[in-house]
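The structure is given below, and queries will be raised subsequently.
The values are calculated or read from the model by the stated rules, or taken from the named source; none is laboratory data. Remember, predicted model here, so these are calculated numbers, not experimental data. In this analysis, Cβ positions are derived from the backbone assuming ideal geometry, glycine residues included, and neighbour counts consider all displayed protein chains. With ligands, DNA and RNA removed, areas are computed over all heavy atoms of the protein, side chains included. Shrake-Rupley method; radii C 1.70, N 1.55, O 1.52, S 1.80 Å.
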Amino acid sequence: MRSCEVLALDVADVDIGRGWIRVWGKGVKERAVPLDADLARVIQGYLLIERPESGSARLFLVAKGPNRGQPLTAAGLRTIFRYHRQLSGVAAGHPHALRHSFGTALAEAGVDLSVMQALLGHTHVDTTARYIHLAPKRVKEEFDAARARIRRQV
């Protein structure tokens, strides 16, 4: 998800029981994103233990300080990332880098381009195709597999 999509999530957008998140993307386009079981447990713990009391419907709220209970902002999200980079010793790592890592991992796992497009919320498949960096070995494997399927059909 894009940072702005994460920050715009309302509690009601997360269906832990069914394992889906309703995401409002660019151009106010809605998409459903599957919710990993591990992440569902983390979100459930956050909702039950860590999320401050608030009248806000937003999922992610400021946890400390004078803005406690207010919706988390883009600057606040960057601060959280900066804090955790310092704790972990990871020099780089920004919110959008996670999105690119996810897209690259999907491509490397051989996920269909149209599925990647739906998950990432891209309007044009050309944008999704940027994540695909095929190694020559992978191209040869796919070519050989396609030839084998064609031969079985004949």
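Against the condition at pLDDT 95 or above and either open to solvent by 80 Å² or more (accessible area, probe 1.4 Å) or on the phi > 0 side of the Ramachandran plot (or both), how does Leu48 come out, does it pass?
Against the criterion (at pLDDT 95 or above and either open to solvent by 80 Å² or more (accessible area, probe 1.4 Å) or on the phi > 0 side of the Ramachandran plot (or both)), Leu48 qualifies.
Next question. Would you confirm whether any residue within segment 76-89 is of a type in the set (D, E, K, R) and at pLDDT 95 or above?
Narrowing segment 76-89 to residues of a type in the set (D, E, K, R): 78, 82, 85.
The next check asks that each one be at pLDDT 95 or above; those that pass are none.
No, every residue in segment 76-89 fails to be of a type in the set (D, E, K, R) and at pLDDT 95 or above.
List, please: which pairs have Cβ atoms under 8 Å, are six or more places apart or on different chains, and start with a residue in segment 70-87 that is among the aliphatic types (A, V, I, L, M) and end with one that is at pLDDT below 90?
Leu77/Pro95
Okay, moving on. Among the residues of segment 70-123 satisfying the criterion of being among the aromatic types (Phe, Trp, Tyr) and out of contact with any His (no Cβ under 8 Å at 6 or more places or on another chain), which is most open to solvent (accessible area, probe 1.4 Å)?
Tyr83
Any residue that is under 24 Å from Leu9 (Cα atoms) and among the small types (Gly, Ala, Ser) - is there at least one of those in segment 89-96? Before the answer, list the steps.
Our first condition is that a residue be under 24 Å from Leu9 (Cα atoms); within segment 89-96, this holds for 93-96.
Of the ones still in play, those that are also among the small types (Gly, Ala, Ser) are 93.
Within segment 89-96 (the criterion being under 24 Å from Leu9 (Cα atoms) and among the small types (Gly, Ala, Ser)), the answer is yes, since at least one residue qualifies.
Within segment 57-69, take every residue that is under 18 Å from Ala12 (Cβ atoms) and under 23 Å from the mean Cα position of the chain (by Cα) and give me the one that is most open to solvent (accessible area, probe 1.4 Å).
Quick first cut of segment 57-69, residues under 18 Å from Ala12 (Cβ atoms) only: 57-61, 69.
Still in the list and also under 23 Å from the mean Cα position of the chain (by Cα): 57-61.
Working: Ala57: 58, Arg58: 82, Leu59: 1, Phe60: 57, Leu61: 12 Å².
My answer is Arg58.
Also, quick follow-up: Is it the case that some residue within segment 28-38 is open to solvent by less than 90 Å² (accessible area, probe 1.4 Å), β-branched (Val, Ile, Thr) and in a strand (DSSP E or B)?
Yes, segment 28-38 contains at least one residue that is open to solvent by less than 90 Å² (accessible area, probe 1.4 Å), β-branched (Val, Ile, Thr) and in a strand (DSSP E or B).
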